Amino acid sequence: MRFMMLMIPGVYQGKEGEKAGADFTPAVEDVEEMMKYNEQLAKAGALISLDGLHPPATAVRVSFKGGRPALTDGPFVESKEVLGGYWMIQAKSREEAVDWAKRVPAQEGDVIEVRQVFEHEDFPEDVQNAAENPTVKAQLEKQRRG
């Protein structure tokens, strides 16, 4: 089973998020600690992919009202939770995925949300058929091969 662990860093939230401007970068010590954790995931064969995201100050939201897109530039102080990065992992169970999340070297106020990824076979046959797209499938295969 695949799970996505979503990092919701305290430093990006609410009034704290205002401190994380466009030039924000994490402390070297925090990155080193996180890389030790990432190495554990990799050595266990659980790591599929991971990425960190730039702060909300550089983001834009596209919302849809009345069938038309509307843009809002960040930061989004009114947001309760702002995503800061993710890990895509392979785990045998939800409990194993949660165990990995418990080991994240998180800072005070950080949250890790664990969500199982839908697999193609999780859907009924009609939905599986609707999800078939040769162009998308080819692109994803190309990305996986590197």
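The values are calculated or read from the model by the stated rules, or taken from the named source; none is laboratory data. Here the structure is a predicted model, which means the values were calculated and not measured. Reconstructed Cβ throughout: ideal geometry from the backbone, glycine too, with neighbour counts over all protein chains shown.
Tabulated data for the structure shown
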| item | result |
| --- | --- |
| Lone unmet requirement of (1) in a helix (DSSP H, G or I); (2) surrounded by fewer than 16 Cβ atoms within 10 Å (Cβ to Cβ) for Trp100 | (2) |
| Looking only at region 91-126, and only at residues there that are of a type in the set (A, V, I, L, M, F, W, C) and in contact with a helix residue (DSSP H, G or I) (Cβ under 9 Å, 6 or more places away or on another chain), the one that is farthest from Tyr12 (Cα to Cα) | Phe123 |
| All positions within region 99-146 that are under 16 Å from the mean Cα position of the chain (by Cα) and hydrophobic (A, V, I, L, M, F, W, C) | Trp100, Ala101, Val104, Ala106, Val111, Ile112, Val114, Val117, Phe118 |
| Residue list for region 61-71, restricted to those being under 24 Å from Met5 (Cα atoms) and either of a type in the set (Gly, Ala, Ser) or surrounded by 10 or more Cβ atoms within 10 Å (Cβ to Cβ) (or both) | Arg61 |
| Residue that is nearest to Leu41 (Cα to Cα) [pool: residues in region 126-146 that are charged (D, E, K, R) and in a helix (DSSP H, G or I)] | Arg144 |
| Subset of region 72-84 (residues that are surrounded by 15 or more Cβ atoms within 10 Å (Cβ to Cβ) and touching a residue at least 24 places away in the same chain (Cβ under 8 Å)) | Pro75, Phe76, Ser79, Val82, Leu83, Gly84 |
| In region 11-33, the residues that are at pLDDT 85 or above and not in a loop (DSSP other than H, G, I, E, B) | Val28, Glu29, Asp30, Val31, Glu32, Glu33 |
| Residue in region 117-125 that is in a loop (DSSP other than H, G, I, E, B) and not hydrophobic (A, V, I, L, M, F, W, C) present | yes |
| All positions within region 111-137 that are of a type in the set (S, T, N, Q) and touching a residue at least 24 places away in the same chain (Cβ under 8 Å) | Gln116 |
| Among the residues listed as Leu50, Leu41, the single one being in contact with a strand residue (DSSP E or B) (Cβ under 7 Å, 6 or more places away or on another chain), within 21 Å of Val11 (Cβ to Cβ), crowded, with 16+ Cβ neighbours inside 10 Å and not small (Gly, Ala, Ser) | Leu50 |
| Enumeration of residues in region 69-105 that are among the aliphatic types (A, V, I, L, M) and modelled with pLDDT under 95 | Ala70, Leu71, Val77, Val82, Leu83 |
| Selected residue (criterion: nearest to Phe118 (Cα to Cα)) from residues of region 55-72 that are outside any loop (DSSP other than H, G, I, E, B) and in contact with a helix residue (DSSP H, G or I) (Cβ under 9 Å, 6 or more places away or on another chain) | Pro56 |
| Among residues of region 34-54, those that are in a loop (DSSP other than H, G, I, E, B) and over 14 Å from Arg2 (Cα atoms), counted | 3 |
